[in-house]
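Heads up: the structure comes next, in C-alpha cells.
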Amino acid sequence: IQASHGFQSFYTGSSPSEKLRILADGGITFNGDTAAANALDDYEEGTFTFGSNANVAFVSNSNVGKYVKIGKMVHLQFHLDVSSVSGTNHFYLSSMPFPQDSNATNTLNGNSTSAVMFYNFDVATSGSQVVANMENQSSNMYFYESYDAVNWSIISNTRATNSTEIIVSHTYFTDP
C-alpha cells in the first residue's frame, strides 16, 4: 500500500507493480493506469418499473426489470407479459432506468439495440427480426421490425395480443 498526493495505490507480486489506485477525486483505476478519464467512478444495480403507451397493460408485476450500471454503460433485462392491448399506437416502453447518452448525435453513435425473444407477437413477414431500440437522449424503448433489404419500422400495438410475452436483454450508454 502506498499513499501519495491525491491517490492511494495497492501493489502485488515479487517485483511489486500497481494493481489498484483509488483517486482522491473519486474512482478506481487498475494496473498502473493514472488517467482520471479511465477511472471506474460509478456502479449500481437495482430494479426499475417501466410503462407503455395508454393502450397497453401488463400482467401484474411483469413490468419490472433489473439493471446494472457500470460507469456510463447500462445493462438491463426484463420479461414482460401483456394483459391487454388495443389501438394502433407505436408499441413502446417508457421509463427505462436511465436515458440514452445525451452526447449521442446520430444513429452511428447514439442508438442501441437489444436481443429480443417474443411469444405470440405477430411479425409482418416470415424471417423478420424484432429488436428493441432506445433513441438518442430518450428513456423510451421502441420495438422495430426489419427483414431482407427493407428499412426497419416501428411496430404498432396491432402486432401484440393479450397473451404476448417479450424477453429483452439490452445494453446502452448513458450520461456519466
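The values are calculated or read from the model by the stated rules, or taken from the named source; none is laboratory data. What you see is a predicted model, and the numbers here were worked out from it, not measured in a lab. Don't worry about glycine lacking a Cβ; one is built from the backbone with ideal geometry, like all the others, and counts go over all protein chains shown. Accessible surface areas use protein heavy atoms only, side chains included; no ligands, DNA or RNA. Shrake-Rupley method; radii C 1.70, N 1.55, O 1.52, S 1.80 Å.
Structure above, values below:
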| read-out | value |
| --- | --- |
| Farthest positive-ward along segment 6-88 dipole, Cα basis, beta-carbon charges - from N63, F48, A36 | N63 |
| Accessible-area composition of the chain, carbon plus sulfur, in percent [1.4 Å probe] | 50 |
| Size of electric dipole in the chain: Cβ of Lys, Arg +1 and of Asp, Glu -1, about Cα centre, debye, nearest 20 | 120 |
| Size of the chain as Cα extents on the principal axes (Å, biggest first) | 64, 38, 29 |
| Net +/- balance of residues flanking Y172 in space, Cβ distance below 13 Å, scoring K and R +1, D and E -1 | -1 |
| Mean projected area (nm²) of the alpha-carbon convex hull when segment 1-104 is viewed from all directions | 9.9 |
| Residue-normalised accessible area of the chain, given per residue in Å² at a 1.4 Å probe | 56 |
